[in-house]
Amino acid sequence: MNGSLSVQRTVTHYGKGPTQYISKIEQPSGVHVTVTPSVLKFTNAGDKMSFTANFTPSKASNGSFVFGALTWSNAIHTVRSPIAVNVLSL
């Protein structure tokens, strides 16, 4: 990536009844990641919600990838998405 980057994703709730998923981020080295909103509140199965992941580099990674993860959890399920970023310039 060159400088900051924002990525929007949409997820679908396939569970039963209402629930909320809370985000947790394992920050890649040299990259600050935020998620907006940080909590997804679903009412019914089939509900869709969108979130934005914002990536702000603090140092170039010298051609190597750095790794982290975005995890969404409720009281029952955990969904983990790996993050791999190569910061070319700030």
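The values are calculated or read from the model by the stated rules, or taken from the named source; none is laboratory data. All of these numbers come straight from a predicted model, not from anything done at the bench. Glycine also receives a Cβ, built like all others from the backbone with ideal geometry; neighbour counts cover every protein chain displayed. Accessible surface is based on the protein model in full, side chains and every heavy atom, while ligands, DNA and RNA are left aside. Shrake-Rupley method; radii C 1.70, N 1.55, O 1.52, S 1.80 Å.
Some observations on this one:
- Extreme residue, positive dipole direction of the chain, given options 12, 64, 90 (C-beta unit charges): 12
- For residue 16, the lysines whose Cα comes closer than 23 Å to its Cα, not counting residues fewer than 8 places off in the same chain, are 24, 41, 48.
- Take residue 59: with every protein chain present and a 1.4 Å probe, its accessible area is about 110 Å².
- Per-peptide average of other Cβ atoms within 10 Å, ordering 25-36, 73-84 highest first: 25-36, 73-84
- Diffusion coefficient, µm² s⁻¹, Stokes-Einstein with Kirkwood Rh over alpha-carbon pairs of the chain at 10 °C and 1.306 mPa s: 114
- Net +/- balance of residues flanking residue 69 in space, Cβ distance below 12 Å, scoring K and R +1, D and E -1: +1
- Segment residue 67..residue 88, full-extension length gain: 6.1 nm, with 0.36 nm per residue of separation and the alpha-carbon distance subtracted.
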